[in-house]
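Q: Input: one structure, supplied below.
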Amino acid sequence: MTRDEARKKILFALDVNGLAEIDRYAELLSGKVGMFKVGKELFTSCGREAVTTVQRRGGEVFLDLKYHDIPNTVAKAMVEATRMGVQLANLHALGGAEMMETAATAVRKEFGDQRPRLLAVTILTSSTAETLRGVGIDHPVEQMVVRLAKLAQDSGMDGVVASPLEIGLIREACGPDFLIVTPGVRPAFASVDDQKRIMTPGEAVAAGADYLVIGRPIAKADDPSKAADLIVDEIVAGGQ
């Protein structure tokens with residue numbers, strides 16, 4: 001694997017405060033990471049400017065808003081996300097087949113091939129078997145992840161967001177072309193923080209991940225650019 005291929009796998013989580021910070025990281029890390037992830041907190045505080053600020057620096061965007069609502073509402077939200085020119089956008093697989101199908105159909109009908117890849121979130125990486133039991137789901141985490149991934153694929157999604165520990169199971173169920181985006185990735189030099197189901201970048205790529213969501217190990221580093229380069233090194237080593 002080349003360094004450029006490895007770099008493109010990194011989705012930097014822009015968990016920062018305000019447009020000035022977005023602009024600073026976008027300038028610093030464009031060319032060092034594959035995309036910038038704009039999540040709920042940042043989008044709520046800064047709106048569409050969070051996306052356009054990254055784009056002005058030449059960065060690409062993963063809009064991580066995890067839509068979960070009635071099918072028509074989610075479909076319209078995904079269409080509006082697509083209008084912003086993002087490369088990845090997501091919803092919650094737990095919203096069900098009709099919600100996912102309606103959203104996928106609406107985006108494809110209006111934008112065709114000029115659309116983002118559509119992802120479904122399976123089970124959050126902070127969740128455990130106890131978490132699921134608390135909301136009435138008695139199946140093991142791994143079983144639920146695979147079930148939701150297959151449902152997402154059958155509903156027209158291009159891929160899923162899932163823990164790296166479930167990559168092999170998803171690949172087996174959904175095949176080699178189904179995208180897998182993995183949070184819960186921590187490079188060897190970083191702390192675990194609040195993630196429960198984790199791997200290093202090299203391990204996740206070796207297991208078959210297409211993209212790795214990484215935030216704090218880069219953002220909290222004394223030299224974020226150097227940290228990104230070290231992660232690229234780990235990915236290249238893991239892909240050999």
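Read-outs throughout are calculated quantities, based only on the coordinates presented, and are distinct from any laboratory measurement. Since we're looking at a predicted model, the values are computed, not measured. Counting neighbours? That spans all protein chains shown, and the Cβs are built from the backbone with ideal geometry, glycine included.
Q: Relative to the compact-globule scaling 2.2 N^0.38 Å, provide the ratio for the alpha-carbon radius of gyration of the chain.
A: For the chain, the normalised Cα radius of gyration comes out at 0.96.
Q: Further question: Which lysines have a Cα lying under 17 Å from the Cα of residue 220, excluding residues fewer than 8 positions away in the same chain?
A: 32, 37
Q: Round to the nearest 0.05 the FRET efficiency obtained for residue 68 and residue 169 when R0 = 25 Å and r is the Cβ-Cβ distance.
A: Working from the Cβ atoms, E equals 0.60.
Q: Compute a Gaussian network model of the chain, connecting alpha carbons closer than 10 Å, and tell me which residue from 39, 136, 159 fluctuates the most.
A: Most flexible of the set in this elastic network: 136.
Q: What FRET efficiency, computed as 1/(1 + (r/R0)^6) with R0 = 25 Å and r the Cβ-Cβ distance, is obtained for residue 110 and residue 150, rounded to the nearest 0.05?
A: Working: r = 26 Å, r/R0 = 1.05.
Once the sixth-power term is evaluated, E becomes 0.40.
Q: With the chain treated as a Gaussian network of Cα nodes joined by springs under 10 Å, which of 30, 155, 127 yields the largest mean-square fluctuation?
A: Its mean-square fluctuation being the largest, the pick is 127.
Q: Another question, if that's okay. Could you name the aspartates and glutamates in cross-link range of residue 76, using Cα to Cα under 19 Å and dropping any fewer than eight places away on the same chain?
A: 64, 98, 101, 110, 113, 158
Q: Return the single residue from 209, 173, 162 with maximal mean-square fluctuation; model: Gaussian network over the chain, springs between Cα atoms under 10 Å.
A: The residue with the greatest mean-square fluctuation here is 173.
Q: Related question: For the pair residue 143 and residue 177, how long in nm is the line joining their label points, each one 7 Å along Cα→Cβ?
A: Reported label-point gap for residue 143 and residue 177 is 3.1 nm.
Q: Only Cα pairs under 8 Å and at least 6 apart count here; give the relative contact order of the chain as a rounded whole percent. It would help to have the intermediate numbers written out before the result.
A: On the way: 467 pairs, mean separation 43.8, N = 240.
Dividing the mean separation by the residue count of the chain yields 18 percent.
Q: If amide H atoms are built 1.01 Å from N in the plane of the peptide, which residues on other chains or at least 5 residues away come under 5 Å of the amide H of residue 13?
A: 37, 214, 215
Q: Gap in Å between the Cα centre of the stretch 117-139 and the Cα centre of the stretch 68-112?
A: Computed from Cα coordinates, the inter-centre distance equals 20 Å.
Q: Could I have the simple spin-label model distance between residue 55 and residue 189, label points 7 Å from Cα toward Cβ, reported in nm to one decimal?
A: Reported label-point gap for residue 55 and residue 189 is 3.3 nm.
Q: If you don't mind, another one. If you wrap the stretch 81-210's Cα atoms in a convex hull and average its projection over all directions, what's the area in nm²?
A: Result: a mean projected hull area of 8.4 nm².
Q: Residue 87 versus residue 23, label points 7 Å from Cα toward the beta carbon: distance in nm?
A: In this crude spin-label approximation the distance works out to 2.3 nm.
Q: Right, here's the next one. Run down the aspartates and glutamates and flag those whose C-alpha is under 13 Å from the C-alpha of residue 226, throwing out any fewer than 8 positions away in its chain.
A: Excluding near neighbours in sequence, the set is 234.
Q: Can I ask one more? Take 185, 33, 213 and order them by how many other Cβ atoms sit within 10 Å, fewest up front.
A: The fewest-first ordering by Cβ neighbours comes to 213, 33, 185.
Q: Also: In the stretch 3-238, if the dipole is taken from +1 on Lys/Arg beta carbons and -1 on Asp/Glu beta carbons about the Cα centre, which of 12, 72, 124 is farthest to the positive end?
A: So the residue furthest toward the plus end is 72.
Q: Using a Förster radius of 22 Å, what is the FRET efficiency between residue 233 and residue 30 based on their Cβ-Cβ separation? Nearest 0.05, please. Let's see the in-between values first.
A: Numbers: r = 19 Å, r/R0 = 0.88.
Efficiency computed from Cβ-Cβ geometry: 0.70.
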